[in-house]
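**Student:** Take this structure, written in structure tokens, and hold onto it; I'll ask about it next.
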Amino acid sequence: MTDFSATHDAAVTDRTVLTRSAYNTEHDLAARQSLYQWQTPRHDLPGLVVRQLQHTRGTVADIGCGNGKFIKRIRQDRPDLSLLGLDVSLGILGGVPGPVAVADAGHLPLRPASIEASLALHMLYHAADIPRAISELSRITTQDGVVVASTNSDRDKAELNHLWEQAAGDVLGIEKGPARISLSARFSLEKAPTLLGEAFTRIETIELPGTIAVREPGPVIAHMASYRAWADQHDVPFEETIERARGILEDHIRRRGAFEITCLGGLLICSR
């Protein structure tokens with residue numbers, strides 16, 4: 001999606017949408033996460049994050065920890081670390097091992113230089129003020145500490161965008177429907193180094209390319225349906241478009257054996 005309008009930004013950052021719908025439970029987030037089990041090569045993102053913490057001692061804060069996927073893995077692999085999970089949504093924190101707290105990335109309730117490593121994994125695009133959130137990450141992290149962020153490329157999952165536009169066009173009776181909303185557009189892999197560079201002098205980007213191949217529509221439909229919190233941003237009947245996409249997928253898989261999606265995400269390792 002190339003629409004970076006104020007309307008789009010407001011939808012992606014709307015705290016009511018984030019807390020009461022998009023991340024009120026882990027259901028939709030888990031649907032997006034689960035699609036990657038069909039990716040090759042298979043990137044162990046939690047394991048890669050743990051690797052970046054190999055020299056870390058003390059406290060790690062996971063800002064925007066969501067359903068605790070990374071906290072659980074760090075707790076398993078690095079029981080010596082103290083962990084803190086923060087998220088804007090109380091509802092999604094129910095299954096996250098404590099301690100956890102509700103907090104906004106732009107106003108972190110932590111003392112300066114009190115954290116040895118801060119994580120901001122697939123979440124900075126939801127921050128209302130991205131530079132302020134990055135400044136907060138810098139403020140709470142020790143001078144010799146590390147900040148690990150992650151996001152997706154502007155080119156990530158282009159096939160899903162094309163599928164949505166085709167399905168939406170069919171529903172509306174036009175050749176090409178409106179684009180689906182892009183969560184990562186405000187803090188994509190291409191934009192992130194510049195934004196992070198305002199607070200950190202050293203930024204290493206680790207790209208994680210891959211291809212997802214599914215042989216039945218379910219995982220893709222679940223992923224697309226997980227955007228239901230932003231249904232009013234799509235300018236098309238959401239459920240009808242999802243069902244039309246299912247039909248297109250079934251036909252594609254019947255003819256070609258699989259539906260392939262090109263992925264490109266990445267980690268950004270930040271230090272001073």
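**Student:** So which helices (runs of 4 or more DSSP H) stay within the stretch 1-82 end to end and still have 2 or more residues that are charged (D, E, K, R) and closer than 26 Å to GLU159 by Cβ?
**Tutor:** Numbers: elements: 6-13, 27-34, 45-52, 69-77.
Because the criterion is at least 2 residues that are charged (D, E, K, R) and closer than 26 Å to GLU159 by Cβ, the helices (runs of 4 or more DSSP H) in the stretch 1-82 that meet it are 27-34.
To keep it simple, each residue is scored yes or no on (1) closer than 23 Å to ILE71 by Cα; (2) of a type in the set (Gly, Ala, Ser); (3) more than 16 Å from the chain's Cα centre (by Cα); (4) surrounded by 17 or more Cβ atoms within 10 Å (Cβ to Cβ).
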position	(1), (2), (3), (4)
GLU26	yes, no, no, yes
LEU29	yes, no, no, yes
LEU35	yes, no, no, yes
PRO41	no, no, yes, no
ASP44	yes, no, no, no
GLY47	yes, yes, yes, no
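**Student:** Something else about it: Only one of (1) crowded, with 17+ Cβ neighbours inside 10 Å; (2) in contact with a strand residue (DSSP E or B) (Cβ under 7 Å, 6 or more places away or on another chain); (3) over 24 Å from ARG246 (Cβ atoms) fails for LEU160. Which number is that?
**Tutor:** Unmet condition: (3).
**Student:** Here's a follow-up. Filter the stretch 197-243 down to the residues that are basic (Lys, Arg) and closer than 22 Å to HIS27 by Cα and list them by number. It would help to see each step written out before you state the result.
**Tutor:** In the first step, residues of the stretch 197-243 are kept if they are basic (Lys, Arg); the result is 202, 215, 228.
Answer for the stretch 197-243, where residues must be basic (Lys, Arg) and closer than 22 Å to HIS27 by Cα: just ARG228.
**Student:** Could you list, in sequence order, all residues of the stretch 123-136 that are outside any helix (DSSP H, G or I) and crowded, with 22+ Cβ neighbours inside 10 Å?
**Tutor:** So in the stretch 123-136, the residues outside any helix (DSSP H, G or I) come out as 123, 127-129.
Residues satisfying the conditions are MET123, ALA127.
**Student:** In the list ARG111, ARG73, ARG57, which residue meets the criterion of being at pLDDT 95 or above, surrounded by fewer than 20 Cβ atoms within 10 Å (Cβ to Cβ) and within 20 Å of the chain's Cα centre (by Cα)?
**Tutor:** Values: ARG111 fails: within 20 Å of the chain's Cα centre (by Cα); ARG57 fails: within 20 Å of the chain's Cα centre (by Cα).
Matching residue, one of ARG111, ARG73, ARG57: ARG73.
**Student:** Sticking with this one: With respect to the numbered conditions (1) part of a loop (DSSP other than H, G, I, E, B); (2) over 16 Å from the mean Cα position of the chain (by Cα); (3) closer than 17 Å to GLN33 by Cβ, which one is the sole condition not fulfilled by GLU175?
**Tutor:** So GLU175 meets the others, but not (3).
**Student:** For residues that are assigned to a helix (DSSP H, G or I), buried (at least 16 other Cβ atoms within 10 Å of the Cβ) and small (Gly, Ala, Ser), tally how many sit in the stretch 227-272.
**Tutor:** Selection size over the stretch 227-272: 3.
**Student:** Is the stretch 108-118 home to any residue that is farther than 19 Å from CYS270 by Cα, of a type outside the set (A, V, I, L, M, F, W, C) and touching a residue at least 24 places away in the same chain (Cβ under 8 Å)?
**Tutor:** Yes, because at least one residue in the stretch 108-118 is farther than 19 Å from CYS270 by Cα, of a type outside the set (A, V, I, L, M, F, W, C) and touching a residue at least 24 places away in the same chain (Cβ under 8 Å).
**Student:** I've got another one for you. Which condition from (1) modelled with pLDDT of 95 or more; (2) surrounded by fewer than 22 Cβ atoms within 10 Å (Cβ to Cβ); (3) not in a strand (DSSP E or B) is the one that GLN143 breaks?
**Tutor:** Only one criterion is unmet by GLN143, namely (3).
The values are calculated or read from the model by the stated rules, or taken from the named source; none is laboratory data. Values in this document were obtained by computation on a predicted structure and should not be read as measured data. We place every Cβ from the backbone using ideal geometry, glycine too, and count neighbours over all the protein chains shown.
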